[in-house]
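Scroll down for the structure; my scribbles are underneath it.
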Amino acid sequence: MSRIAVIGAGAWGTALAIVLGRRGGHSIQLWAFEHDVCASIVERRTNDLFLPGARVPELVTPTNSLSDALRDAEIVLSVMPSNHVRRLFTKMLPHLHESMLFISATKGVEDKTYQRMTEIISEVVGEKFTPRLVAISGPSFAKEAAKGDPTAITAASSDDELTRIVQRDFSDPRFRVYSNRDVIGVELGGALKNVIAIAAGVCDGLGLGHNSIAALITRGLAEITRLSLACGGHIETMAGLAGLGDLVLTCTGGLSRNRTVGVELGKGRKLSDVIADMHGMVAEGVLTTNAAIGLAKKHHVEMPITQQMHAILHENKSPSDAIRELMSRPSTSEVWL
């Protein structure tokens, strides 16, 4: 089948390596920054640090060497945290070539530049050649995908042939891949839902009920849709897997790291203490909130929930005060189009 380099051995990178490995035929190199992760997979076939209990197939070879991981790779699957994408692709550049297919599975927006992950990859790799790029996103907890629970994601590219390759190489009876041409909407949906998920966790931490969460998810989707459309995304994408699907999962699922951060903030804990307790796991919404605010200002889009989350995360605003301000805003229409 294909020679695949999975760059990033966190929970989601490991889960995708497991999905690829269990269908057979692929040769998979899983690059990990942490030496302990490689040792754990070699010795016990599990990533004890980031995805304990999930067996990694023998077809997956762990490595701490980027050059070894990328050697002869046909597909490069990028699954590193968003704040490391530019640095790692710059480091990988000497080992990349134009025949490779690049797939971004990272959900985030870069701070200061407000670039999506495929934009960063295109900019860095573009110094050497024009990369063939696909973005994948959707409602997909790593633990459940690795376990084999039925999971559906979407693969987005302006080139239909590239999404067909992803569908061919990733799909199995427990992992379904849909295609989409809206790269902007798929990436922004996957990134911005993490901010709303933190807000959903805050509501839970404050002891608020289902009415509050339902309202938050609905109005959060409205915010994400407004910004996505302003950036060139398609409204249909927001009703799909990378939009509503991922938003609902991350706002309501107990495995959501972003929601968990919000729960602890709602209980009155400091962000620094919550992050310290995550032991290296990343809640992308914390990193994305600044960029989301900057992107909204750039495109003159109103995002009141995101603004309040920014105030809670970065300005020490009380969660209860933030909720009160959201509920006391001037009344307006639900329809903005």
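The values are calculated or read from the model by the stated rules, or taken from the named source; none is laboratory data. Bear in mind that the values here come from a model prediction, so they are computed numbers and not experimental data. A quick note on method: Cβ atoms are made from the backbone with ideal geometry, for glycine too, and the neighbour counts reach across all protein chains shown.
If we keep just the residues of the range 1-24 that are assigned to a loop (DSSP other than H, G, I, E, B) and in contact with a helix residue (DSSP H, G or I) (Cβ under 9 Å, 6 or more places away or on another chain), which is farthest from GLY280 (Cα to Cα)? Ranking the qualifying residues of the range 1-24, first place goes to MET1. Please verify whether GLY233 is farther than 19 Å from ARG132 by Cα and at pLDDT 95 or above, treating the condition exactly as stated. Yes. Among the residues of the range 269-309, the ones that are of a type outside the set (D, E, K, R), assigned to a helix (DSSP H, G or I) and under 19 Å from GLY190 (Cβ atoms) come to 15 in all. Being in contact (Cβ under 8 Å) with a residue 12 or more places away in the chain, under 15 Å from the mean Cα position of the chain (by Cα) and not assigned by TED's automatic domain parsing to the domain that holds ALA17 narrows it down to one residue among LEU247, LEU221, LEU227; which is it? Residue meeting the stated conditions: LEU247. Of the residues making up the range 131-143, one or more are hydroxyl-bearing (Ser, Thr, Tyr) and in the same structural domain as GLY25 (by TED's automatic domain parsing). Looking only at residues in the range 313-337 that are small (Gly, Ala, Ser) and without any contact (Cβ under 8 Å) to a residue 40 or more places away in the chain, the one that is nearest to GLY285 (Cα to Cα) is SER318. Checked against the criterion of being within 21 Å of the chain's Cα centre (by Cα), basic (Lys, Arg) and surrounded by fewer than 16 Cβ atoms within 10 Å (Cβ to Cβ), the range 70-81 contains not a single residue that satisfies it.
In the range 253-265, the residues that are closer than 17 Å to LYS143 by Cβ and in contact (Cβ under 8 Å) with a residue 12 or more places away in the chain reach residues that are assigned to a helix (DSSP H, G or I) and of a type in the set (Ser, Thr, Tyr) with C-beta atoms within less than 7 angstrom, at least six apart or across chains, in these pairs: SER256/THR250; ASN258/THR250; ARG259/THR250.
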